[in-house]
Amino acid sequence: MKYMIMMFGGLGATLERRTPEWITSMHEFMLKLDGELKESGEVVASHGLVDTSQAKTVRFQNGVPVPTDGPFAEVKESLAGYWIVDVSEGRAIEIASQVVAFIEYPMEVRRIMDESSAPEL
């Protein structure tokens, strides 16, 4: 099965209470884990996302889609990066747990929909 493991955090708020040493060690930890997952063949795709200051929000206004620089979705934490892995649910949770133990912020593990899990229309 394929799972998406999503890391959340408001980069500014997340990092403002951390030391430069912690930030460096977190970056090294994430690169090491990403490399291990790629080497094992478990990763289908992985990417970090730029800070929300560079994001756009598209809303439906006055009958048309309108892109803006904000306001952003009503969330305290935004998606900061993700892995798509081809593993068991237990392994996906194990991977997320390693990261959560380090960063102390939540991660979401969600199965990617395929023909067997797609809702009937």
In the range 17-29, the residues that are in a helix (DSSP H, G or I) and surrounded by 10 or more Cβ atoms within 10 Å (Cβ to Cβ): 22, 23, 24, 25, 26, 27, 28, 29
So residue 85, is it modelled with pLDDT of 95 or more and in a strand (DSSP E or B): yes
Failed criterion for residue 66 (all others in (1) touching a helix residue (DSSP H, G or I) at 6+ places or on another chain (Cβ under 7 Å); (2) in a strand (DSSP E or B); (3) at pLDDT below 90 hold): (1)
Those residues of the range 30-71 which are hydrophobic (A, V, I, L, M, F, W, C) and loosely packed, with under 14 Cβ neighbours inside 10 Å, in sequence order: 31, 45, 50, 58, 60, 64, 66
Residue count, the range 88-118 (criterion: of a type in the set (S, T, N, Q) and either surrounded by fewer than 10 Cβ atoms within 10 Å (Cβ to Cβ) or modelled with pLDDT under 90 (or both)): 2
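The values are calculated or read from the model by the stated rules, or taken from the named source; none is laboratory data. Computed from a prediction, not measured in an experiment: that's the story for all the values here. Please note: Cβ atoms are built from the backbone with ideal geometry, for glycine as well, and neighbour counts cover all protein chains shown.
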